[in-house]
1. Restricting attention to the range 1-58, which residues are over 15 Å from Asn75 (Cα atoms) and touching a Pro at 6+ places or on another chain (Cβ under 9 Å)?
2. Select from the range 110-138 the residues that are modelled with pLDDT under 90 and in contact with a Lys or Arg (Cβ under 8 Å, 6 or more places away or on another chain) and write down the one among them that is surrounded by the most Cβ atoms within 10 Å (Cβ to Cβ).
3. Taking interchain pairs and intrachain pairs at least six residues apart, which have beta carbon atoms under 8 angstrom, with the first residue in the range 4-28 and more than 13 Å from Ala70 (Cα to Cα) and the second of a type in the set (D, E, K, R) and not in a helix (DSSP H, G or I)?
4. Could you list, in sequence order, the residues of the range 66-111 that are closer than 30 Å to Arg52 by Cα, more than 12 Å from the chain's Cα centre (by Cα) and not hydrophobic (A, V, I, L, M, F, W, C)?
5. Suppose we filter the range 132-150 for residues that are under 27 Å from Glu95 (Cβ atoms) and not β-branched (Val, Ile, Thr); how many remain?
6. Consider the range 148-176. How many of its residues are touching a helix residue (DSSP H, G or I) at 6+ places or on another chain (Cβ under 9 Å) and acidic (Asp, Glu)?
7. Within the range 110-124, which residues are under 21 Å from Arg165 (Cβ atoms) and part of a loop (DSSP other than H, G, I, E, B)?
Amino acid sequence: MAQSTIVARRYGRAYFELAGQAKAIAEWREQLATAIALVTAPQTASRLNNPRLRREDRTAGLLHLLDGVAPQARNVVRLLVERGRLGALPEVLDEYDRLADRASGVVRAEVVSAIPVDDRLESTIKDTLTKTLGGDVETVVRQDPDILGGLVIRIGDRVIDSSLRTRLQQLQASLA
């Protein structure tokens, strides 16, 4: 596991626990997302990563930029920037979202199809996944003609690959 992923998980978990104690998970998420969007904008990120900029100047500029953002979100961002881990910020938000989904019983699934999926088919896929997995399932459907046919479904670390491309590769391997 990459070092930035480990760091992101630690910070995301700590921030989520504080948000849970404050009973403000959605509000804290919005504050963190706002702070991350401000800090990771290309021009801002390059300035914050500039090694010529003194740490004190970097922190002062960061706090000025985040004026109006909740103190908890500002602190998380400030700590990561001061420790040279600006790149981990989007992963912190991903970890926070993962924990919030788990706490609320939401399962996120990415569905990849070779052809465009209409609303009726998307609804059928969502209903089938909801019945199979239990709980509320949020689906994101995208098209990728490279899979040739079928579906590829990603749920967390699990992948259900019923694509034609994979089946052809398996057939080719069995014939070799």
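The values are calculated or read from the model by the stated rules, or taken from the named source; none is laboratory data. Predicted model only: the values in this text are computed from it and were never measured. Because the Cβ atoms are built from the backbone with ideal geometry, glycine has one as well, and the counts that use them run over all protein chains shown.
1. Matches in the range 1-58: Thr40 only.
2. Once the filter is applied, the top-ranked residue is Val137.
3. Listed by first residue and then by second, the contacts come to Ser4/Arg85; Val7/Arg85.
4. Matches in the range 66-111: Asp67, Gly68, Pro71, Gln72, Arg74, Asn75, Arg78, Glu82, Arg83, Gly84, Arg85, Gly87.
5. First, pick out the residues of the range 132-150 that are under 27 Å from Glu95 (Cβ atoms): 132-142, 144.
Checking which are not β-branched (Val, Ile, Thr) leaves us with 133-136, 138, 142, 144.
Counting residues in the range 132-150 that are under 27 Å from Glu95 (Cβ atoms) and not β-branched (Val, Ile, Thr) gives 7.
6. Here is the first cut: in the range 148-176, the residues touching a helix residue (DSSP H, G or I) at 6+ places or on another chain (Cβ under 9 Å) are 148-153, 155-156, 161, 163-166.
Keeping just the survivors that are acidic (Asp, Glu) gives 161.
Number of matching residues: 1.
7. Ala114, Ile115, Pro116, Val117, listed by residue number.
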